[in-house]
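K.L.:
Handing you a structure now.
None of the figures in this text is laboratory data; all of them are computed from the coordinates on show. The structure displayed is predicted, hence computed values, not measured ones. Every residue, glycine as well, gets a Cβ built from its backbone with ideal geometry; the counts of neighbours run over all protein chains shown.
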């Protein structure tokens, strides 16, 4: 039985070469071939259909680094993704060809003490899509462990599936800060992560949420997504005590927990000063690699400072919150692009430009 090479190729790889968006240098992205590894017995091959651009992707694009992660060689970018299963390994029972899945982008070692104790997001050997030196998922296809591919219900779209990744940050932060129907919340920053934290906190039952930003446009989006009050602030550290008073007045009662979704000296100081004695401040944003903040007065008021790094065990809950309609992430998707060279360049320029872009999404 003979095949011409075209048919054989189509059978093997479903339509030719796998292509991906490679970061080659500062503001230099190029669609180039991306050969996939062989499919292991516990893996799935997924055709990527939706992928969102994250702030960390923009940092890599603009500066070839994000915090202490530095891009030293060409790297496929992207990690907020969902797609359709094309092939599964011999041992995979949880997935079938044709399943629509959201991908959790980090592969931990599963063997260190942190992994074994359940805190696998802190694994020192974590391989995370699009975080150097690990290639990302802005590609036609990827190979990924099947147990990190979560089936999407009928009523959850692939774009919403890709949004499980940023939403996971908000969910993990709310878990770490023990958000409940008794927790009144301040959120510093109305960017994409501030907004998913708002949605997550509301789903966790937070009765009152005040959100703060330097941009009126972002604050009006936060208001439309359900923030009770918004406060416009400046970048000037001199305005701190006046602004803390404004924020506390907007809350109208004590602030039990604050989320700093920016990570600047000023936002951290504001959060520490505005939060009630015995409250919590959760650090999410990492705008600076080091922040200096007034910890001594916060310590004497027993304000707990907690950090988060990405997330763990969040996909099932995120998918459930989307399925039941308790969270609607669709309004966050403001721009859509295809997967041509021009599209990739335009999408990253749009995302990096700030403006009215919240979540820029590729439809592959």
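K.L.:
Any chance you could run the full-extension gain for residue 155 through residue 30? It's 0.36 nm times the residue separation minus the Cα-Cα distance, nm to one decimal.
P.N.:
Length gained, residue 155 through residue 30: 41.6 nm.
K.L.:
Can you give the Rg and Dmax of the stretch 240-364 based on its C-alpha atoms, in angstrom?
P.N.:
Answer for the stretch 240-364, Rg first and Dmax second: 18.6, 56 Å.
K.L.:
What are the extents of the Cα atoms of the stretch 146-194 along their three principal axes, listed from largest to smallest and rounded to whole Å?
P.N.:
35, 22, 20
K.L.:
For the chain, take the longest principal axis of its alpha carbons; what is the angle in degrees between that and the long axis of helix 192-203, to the nearest 10 within 0 to 90?
P.N.:
Around 80 degrees separate the two axes.
K.L.:
I've got another one for you. How long are the semi-axes of the equivalent ellipsoid of the stretch 27-87, defined as square roots of 5 times the Cα gyration tensor eigenvalues? Whole Å, largest first.
P.N.:
25, 14, 12
K.L.:
By what distance, in whole Å, do the Cα atoms of the stretch 124-173 stretch along each of the three principal axes, largest value first?
P.N.:
Reported extents, whole Å, longest axis first: 35, 31, 19.
K.L.:
Could the peptides 248-260, 297-309 be put in order, highest first, of the mean number of other beta-carbon atoms found within 10 Å of their residues?
P.N.:
Result, highest mean first: 248-260, 297-309.
K.L.:
While we're here: For the stretch 16-58, would you read off the P(r) tail past 15 Å as a percentage of all alpha carbon pairs?
P.N.:
Considering the stretch 16-58, 60 percent of its Cα-Cα pairs are separated by more than 15 Å.
K.L.:
Volume per residue, Å³, of the convex hull around the alpha-carbon atoms of the stretch 1-153?
P.N.:
Cα convex hull per residue, to the nearest whole number: 132 Å³.
K.L.:
Then there's this: Taking the number of other C-beta atoms within 10 Å as the exposure measure, put 267, 134 in order starting with the fewest.
P.N.:
Lowest count first: 134, 267.
K.L.:
Springs between alpha-carbon pairs under 10 angstrom, Gaussian network model over the chain: which of 52, 78, 25 fluctuates most?
P.N.:
Greatest mean-square fluctuation among the candidates belongs to 25.
K.L.:
Output the relative contact order of the stretch 169-307, whole-number percent, from Cα pairs under 8 angstrom with separation of 6+ residues.
P.N.:
22 percent
K.L.:
Give me the distance in nm between label points sitting 7 Å out from Cα along the Cα-to-Cβ direction at residue 147 and residue 236, one decimal.
P.N.:
In this crude spin-label approximation the distance works out to 5.5 nm.
K.L.:
Please arrange 344, 281, 212 by how many other C-beta atoms lie within 10 Å of their C-beta, fewest to most.
P.N.:
344, 281, 212
K.L.:
Further question on the same structure: For the chain, set up a GNM with springs between Cα atoms under 10 Å and report which of 325, 191, 55 has the largest fluctuation.
P.N.:
Answer for the Gaussian network model of the chain: 325.
K.L.:
For the stretch 131-241, just the Cα set please: Rg and Dmax, both in angstrom.
P.N.:
17.1, 52
K.L.:
Most mobile of 49, 280, 125 per a Gaussian network model of the chain (Cα springs, under 10 Å)?
P.N.:
125
K.L.:
Where in the stretch 71-94 does the label zone of residue 17 land, with the point 7 angstrom along Cα→C-beta and an amide N cut-off under 18 Å?
P.N.:
Residues 74-77 fall inside that zone.
K.L.:
Could you check how many percent of all C-alpha pairs in the chain are farther apart than 31 Å?
P.N.:
36 percent
K.L.:
Taking just the alpha-carbon atoms of the stretch 169-307, what radius of gyration and Dmax come out, in angstrom?
P.N.:
Cα-based Rg and Dmax for the stretch 169-307 come out at 13.1, 37 Å.
K.L.:
Does anyone have the angle between helix 265-274 and the longest principal axis of the chain? Alpha-carbon axes, 0 to 90°, nearest 10?
P.N.:
50 degrees
K.L.:
Show that you can apply the helix-only estimate: for the chain, add -39,500 (n - 2.57) for every DSSP H stretch of four or more residues, divide by all residues, and state [θ] at 222 nm to the nearest 500.
P.N.:
For the chain, the value works out to -8500 deg cm²/dmol.
K.L.:
Among 182, 87, 165, what is the fewest-to-most ranking by other Cβ atoms within 10 Å?
P.N.:
Neighbour counts put them in this order, fewest first: 182, 87, 165.
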